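These notes are about the structure you will find just below.
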Amino acid sequence: MLFVSCDWPDSQGRLFRSRWLHINTVRCRPVKHWEVTHRVLGITPSGVNFTHRMPGSAPISCLGPWPKDVGIIALELYFPSQYVDQTELEQLDGVSAGKYTVGLGQDRMGFCSDCEDINSLCLTVVQRLMERNSLSYDSVGRLEVGTETIIDKSKSVKTVLMQLFEDSGNTDVEGIDTTNACYGGTAALFNAVNWVESSSWDGRYALVVAGDIAVYATGSARPTGGAGAVAMLVGPNAPLAFERGLRGTHMQHAYDFYKPDMLSEYPVVDGKLSIECYLSALDRCYSVYRNKIHAQWQRDGSEERFSLDDFGFLVFHSPYCKLVQKSLARLMLNDFLSHPNPNTETGPFTGLDAFRDVKPEETYFDRDVEKAFMKASMDLFEKKTKPSLLVSNQNGNMYTPSVYGCLASLIATHTSSQIAGQRVGLFSYGSGFAATLYSLRVTQDHTPGSALDKLVSSLSDLKVRLDSRKKVSPAVFSDNMKLRQETHHLASYVPRSSVDDLFPGTWYLTRVDEKHRREYARSPLSRELPAEPEVVRSGTATEHIPSPAKKMPRIPAAPTSPEAAVSN
């Protein structure tokens with residue numbers, strides 16, 4: 001037992017003082033905090049400069065008080081295999097042409113039949129991510145789920161997903177479900193990042209899943225529905241790294257959107273309040289974010305002002321696409337009002353002098369302000385945000401995965417060289433309400449075979465997958481919504497919808513027994529193969545259920561080739 005001198009980090013990660021610790025070691029010399037931590041855990045080689053390889057496929061460097069560049073390494077997206085056309089839905093609903101497509105900015109809406117639920121969506125997206133990235137289940141040490149699609153008031157979706165881990169023997173997996181409307185996925189992601197950067201981290205990946213089925217009662221809100229799930233692999237040396245210390249958060253109490261009726265899938269919505277909450281949260285989060293980045297810059301000796309120009313791209317939680325466009329305009333309004341002497345003769349603020357003295361809290365529904373700044377920000381929107389709306393426009397609002405579907409869309413519509421080195425701003429909002437604006441920094445390395453190149457390649461088939469879905473008539477869509485409404489939370493129930501059109505490798509619900517225990521099967525990876533047996537039963541903990549990952553080949557990558565005022 002020997003004593004060594006050890007530097008410890010302050011809140012900014014700077015080594016600021018020494019302490020004497022006694023640890024078991026064969027070498028008496030100064031060592032850094034991170035090395036001490038990992039030597040005590042017994043998972044690192046000796047020496048100040050060292051590299052530790054995780055059980056998975058990605059090597060990491062653990063130098064200094066935190067692992068380097070913690071963020072998103074891989075991303076997988078799932079959406080239903082069927083959709084309804086919004087133009088046709090306008091006709092069925094008897095509304096004016098363009099109300100959904102122009103007013104909301106929505107072209108198609110994906111939806112689930114009664115054979116899919118939140119568990120099946122998350123099973124599908126997790127297994128696809130693991131298979132497509134050749135990951136072993138024992139390489140995951142934390143699994144977090146963000147969802148508001150609650151089918152059990154006690155049992156988490158995460159525990160259902162643990163059945164995929166059984167054959168690996170890995171039960172040492174932290175994390176459970178996080179719920180707060182559409183913000184749950186972001187909270188789960190923050191938890192995962194914080195775990196990797198903490199003393200609790202054991203060197204393995206974190207896996208974050210966000211999934212929801214967004215359905216509304218018949219009426220003006222129904223076209224803002226959708227469904228889907230996202231899985232994100234989190235760890236060090238990520239191609240999309242979190243910018244440490246740059247999060248602007250605003251949380252406040254409001255009944256803008258909530259789900260008090262446990263017997264119904266439908267929310268209670270105050271449409272006008274929901275928009276006010278969303279935009280006010282955006283204002284506050286942007287202000288906090290700018291203050292924090294200004295403080296960082298000042299510590300580095302810079303007095304530059306932060307503006308939208310400092311974001312390479314901006315993505316938003318998207319209840320509907322038109323609100324996203326208004327949100328970018330809103331940020332330009334913030335830049336304009338906070339600028340000490342904006343140029344209204346030339347440049348982006350040309351002709352906006354009449355709005356110099358407006359108060360932001362009085363402009364949420366000011367059409368003149370909205371129109372002026374949407375026009376002024378059009379070029380920025382086309383360049384920095386519109387490419388992120390592919391999934392939102394074609395599939396609709398997915399609730400917790402919404403902002404991450406936008407991130408996937410942004411990646412899928414650019415080459416690795418186009419996004420390399422860029423700062424990406426993300427605004428996440430969940431009703432009730434909770435919101436954060438934060439940023440990711442894309443790695444500069446876009447060489448073939450790099451982590452960024454692999455991430456971009458994995459999402460290159462996104463548009464092909466969207467276009468391969470089956471279009472159904474609005475009448476069939478309405479019948480599906482009615483069936484879901486009538487059978488929601490039924491026990492001793494067998495789904496009635498066909499599974500023939502599901503994407504290959506999709507998990508689906510086969511029955512709910514008399515004790516509300518749910519059983520699932522997986523559609524074959526090839527149309528010519530029989531369906532996978534019903535091997536996942538969320539209520540049979542005593543039975544050993546082999547992981548489907550060991551039974552099936554890896555999924556090959558596909559070839560490249562007036563508004564409803566609702567915010568969640």
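Is the shape of the stretch 432-480 best called rounded, prolate or oblate, per the rule: a/c under 1.5 gives rounded, else a/b larger than b/c gives prolate, else oblate, with a ≥ b ≥ c the square roots of the Cα gyration tensor eigenvalues?
Working: a/c = 6.36, a/b = 1.52, b/c = 4.18.
Oblate.
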Where does the charge balance sit around G184 when Lys and Arg score +1, Asp and Glu -1, over other residues with C-beta under 9 Å from its C-beta? -3
In terms of the Cα gyration tensor, with a ≥ b ≥ c the square roots of its eigenvalues, is the stretch 152-311 rounded because a/c is under 1.5, prolate because a/b exceeds b/c, or oblate? oblate
Please name which of T87, S139, G110 has its Cα lying farthest along the dipole of the stretch 61-160 towards the positive end, using unit charges on Cβ (Lys, Arg +1; Asp, Glu -1) and the Cα centre as origin. S139
Just flag the trypsin sites (Lys or Arg not before Pro) in the stretch 62-112 sitting in loop per DSSP whose Cβ has no more than 16 other Cβ atoms within 10 Å. K68
Which of the aspartates and glutamates could be linked to K454 by a straight reach, that is with a Cα gap under 20 Å, when you skip same-chain ones fewer than 8 residues away? D69, E76, E131, D445
Suppose the Debye formula is applied to equal point scatterers at every Cα of the stretch 151-190; what is log10 I(q)/I(0) at q = 0.24 Å⁻¹? -0.89
Once T510, T147 are ranked on solvent-accessible area with the largest value leading and a 1.4 Å probe, the list reads T510, T147
Applying 1/(1 + (r/R0)^6) with R0 = 25 Å to the Cβ-Cβ distance of T218 and V494, what FRET efficiency is obtained, to the nearest 0.05? 0.45
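Expressed as a whole percentage, what fraction of the accessible surface of the stretch 282-332 belongs to carbon and sulfur atoms when a 1.4 Å probe is rolled over the protein heavy atoms? Each step should come with its number before you reach the end.
Details: 700 of 1860 Å².
For the stretch 282-332, the apolar C and S fraction of the accessible surface comes to 38 percent.
Once you sort the root eigenvalues of the Cα gyration tensor of the stretch 302-385 as a ≥ b ≥ c, which label holds: rounded (a/c under 1.5), prolate (a/b larger than b/c) or oblate (the other case)?
Values: a/c = 1.61, a/b = 1.13, b/c = 1.43.
Because a/c hits 1.5 or more and a/b fails to exceed b/c, the stretch 302-385 counts as oblate.
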Average accessible area per residue (Å²) across the stretch 221-369 - probe 1.4 Å, nucleic acids and ligands excluded: 43 Å²
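Can you give the net charge of the other residues whose Cβ lies under 9 Å from the Cβ of S307, counting K and R as +1 and D and E as -1?
Numbers: positive: R290, R305; negative: D309, D310, D335.
Residues near S307 contribute -1 overall.
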For the pair T447 and K68, what calculated FRET efficiency results from E = 1/(1 + (r/R0)^6), where r is the Cβ-Cβ distance and R0 = 22 Å, to the nearest 0.05? 0.75
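Measuring with a 1.4 Å probe in the full set of protein chains, what accessible area per residue, in whole Å², belongs to the stretch 378-531?
Details: 6090 Å² over 154 residues.
Here the per-residue accessible area is 40 Å².
Once the other residues with Cβ under 14 Å from the Cβ of G432 are scored (Lys, Arg +1; Asp, Glu -1), what is the net sum?
-3
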If I model a spin label at E514 and S134 as a point 7 Å from the Cα along the Cα→Cβ vector, what separation in nanometres do I get? 5.0 nm
FRET efficiency (A475, E361; Cβ distance; R0 51 Å; to 0.05) is 0.70
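Round to a whole number: what % of the accessible area of the stretch 66-125 belongs to carbon and sulfur, probe 1.4 Å? The partial results should precede the final answer.
On the way: 690 of 1510 Å².
Within the stretch 66-125, the accessible surface is 46 percent carbon and sulfur.
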Contour minus Cα-Cα span, M162 to K454, at 0.36 nm per residue, comes to 102.5 nm
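The values are calculated or read from the model by the stated rules, or taken from the named source; none is laboratory data. Predicted model only: the values in this text are computed from it and were never measured. Positions of Cβ are backbone-derived with ideal geometry, glycine not excepted, and every protein chain shown enters the neighbour counts. In case anyone asks, the SASA skips ligands and DNA or RNA and just uses the protein heavy atoms, side chains included. Shrake-Rupley method; radii C 1.70, N 1.55, O 1.52, S 1.80 Å.
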